[in-house]
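*Asks:* Got a structure for you, written out below as structure tokens; questions coming shortly.
What follows is calculated from the coordinates using simple rules that are stated; it is not laboratory data. All of these numbers come straight from a predicted model, not from anything done at the bench. Quick reminder, even Gly has a Cβ in these numbers, built from the backbone with ideal geometry, and neighbours come from all protein chains shown.
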Amino acid sequence: ACSPAALGPSGSSNCNLSLAQALPPISLVHVTPCGPLSFPASCAIPATGSGNLIVIGFVSAYMTTPTVLSITDNVGNVYAEAGNAYASDPLAGAVDIWYAKNSTAGATTVTITLSSGGQGAALIWEYSNLDVLSPLDQTAVLSAQPATTTPSGAAVTVCSPNELVLSIMSPTSSISGLLAGSSFAIDSL
């Protein structure tokens, strides 16, 4: 429904759009582990779909902190670092998150290039039915907090009902799971 309904030359109108169906649920298409490897390295992944979100979490090996310089794939998707997602710790190593929004179909190889050689691992997720035009929301990077205390930091909020919340950590020991009552799912490196 638009008001006004008819327009003259160079006119404008305000319109409301009602959807007959709800947004489709976010769907995890693939999860592909890559590593531990010496980087730079290429990772084989199942062929990606069109218009999806590809997220790559990179964790460097213990006590090495190379940064990810670039991520490319065989079909030319454009990967960007998730803002200030890079974090490092002298004991646990480094963590970085990169992503490609609205991907071109058919990527089967992802190449991760670091600032210097190093050991590490990556986990590659592909999601469908996300709003690939929306901005990337971020919250504070929380690090060096004792495991015996309740984590503190900025709240995680989303701007629309069809968003994905993703967190990657580089622990100094194994992850045993999420706190009781958490509504999130865990898929660790």
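*Asks:* 5 Å is the cut-off here: which amide hydrogens, built 1.01 Å from N in the peptide plane, fall below it relative to LEU114, excluding neighbours closer than 5 in sequence?
*Replies:* Amide H neighbours of LEU114, under 5 Å, 5+ apart: LEU69.
*Asks:* Next question. Label points 7 Å out from Cα along the Cβ direction at ASP131 and CYS2: separation in nm?
*Replies:* Rounded to a tenth, the inter-label distance reads 2.3 nm.
*Asks:* At R0 = 41 Å, how high is the FRET efficiency between SER18 and ALA41 if r is their beta carbon distance? Nearest 0.05 is fine.
*Replies:* 0.25
*Asks:* With θ set to phi - 60°, apply the Karplus curve 6.51 cos²θ - 1.76 cosθ + 1.60 along the stretch 93-104 and write out the HN-Hα couplings as whole Hz, x wherever there is a Gly or Pro.
*Replies:* Those phi angles translate into x, 10, 10, 8, 10, 10, 8, 10, 8, 6, 5, 7 Hz.
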